[in-house]
């Protein structure tokens, strides 16, 4: 959802997301274009498209995603943003792949959150790479393939993978992240898709943090069986 600040200024939403199912596998990505980047919205859309291409290639090759997949993602992104210049398309990128057997691979470049809530209530959170300076962020461009923090494991029935840009992530209290994911699973997933989308949009517009300004995007992958 476009944040209040961008809506007020008439600027495009810098966030992007995608979620697809292919051959029994689930692939998802969210990205947040840097506000300081002239074409951050282009960069974030390209990041999501590149993640899908990289994951599809790994699936076709019969290999579980790895740092090689991240290298393909980065190469595809450079190709997609070449027209605008990679230096003008800075973006974060959070991506996740779950195969038909529940094996999960997630990777993160920059701000935001990648978290797995298990059915027993336990939580795994992908630690972001430490920022070199305060008020700075790593990006898809700045991190080499082997520098991306990754999270892997098994997604069992009742588990959920949650990815969100910093417009949401920065406002979540660490101790409440698991409860927030459980709320999304219980109160939104059972709804018909059209109703679910409308209620999520309304909730994001009424975000409870005072004076919130940033774009807000999340993806939730929940295994029910």
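The values are calculated or read from the model by the stated rules, or taken from the named source; none is laboratory data. The model shown is predicted, which means the values in this text are computed figures rather than measured ones. Neighbour counts are summed over all protein chains in view; Cβ atoms, including those assigned to glycine, are modelled from backbone coordinates with ideal geometry.
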*Please give the number of the condition residue 91 fails out of (1) farther than 25 Å from residue 223 by Cα; (2) more than 17 Å from the chain's Cα centre (by Cα).*
(2)
_Selection count where residues are within 23 Å of residue 13 (Cβ to Cβ) and under 19 Å from the mean Cα position of the chain (by Cα), scope the range 174-195_ = 3
*Close pairs (7 angstrom Cβ cut-off, 6 or more residues apart or separate chains): in contact (Cβ under 8 Å) with a residue 60 or more places away in the chain in the range 38-53, surrounded by 24 or more Cβ atoms within 10 Å (Cβ to Cβ) and assigned to a loop (DSSP other than H, G, I, E, B) anywhere*: 43/89; 43/90; 47/140
*asked:* Is it the case, given these coordinates, that residue 151 is closer than 23 Å to residue 47 by Cβ, modelled with pLDDT under 95 and surrounded by 14 or more Cβ atoms within 10 Å (Cβ to Cβ)?
replied: no
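Residue by residue, here is whether (1) exposed (fewer than 15 other Cβ atoms within 10 Å of the Cβ); (2) touching a strand residue (DSSP E or B) at 6+ places or on another chain (Cβ under 6 Å) holds:
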residue	(1), (2)
54	no, no
76	no, no
79	yes, no
106	no, yes
112	no, yes
143	no, yes
147	yes, no
*asked:* Among the residues of the range 65-72, are any in a loop (DSSP other than H, G, I, E, B), surrounded by 21 or more Cβ atoms within 10 Å (Cβ to Cβ) and at negative phi?
replied: yes
*asked:* Checking the condition surrounded by fewer than 22 Cβ atoms within 10 Å (Cβ to Cβ), modelled with pLDDT under 95 and either over 18 Å from residue 21 (Cα atoms) or out of contact with any helix residue (DSSP H, G or I) (no Cβ under 7 Å at 6 or more places or on another chain) (or both), which residue from 128, 122 passes?
replied: 128
*Any idea which of (1) under 23 Å from residue 48 (Cα atoms); (2) modelled with pLDDT of 95 or more is the one residue 216 doesn't satisfy?*
(2)
*Just a yes or no: is a residue in the range 194-211 surrounded by fewer than 18 Cβ atoms within 10 Å (Cβ to Cβ), at positive phi and part of a loop (DSSP other than H, G, I, E, B)?*
yes
*Can you give me the number of residues within the range 35-52 that are crowded, with 23+ Cβ neighbours inside 10 Å and over 17 Å from residue 86 (Cβ atoms)?*
0
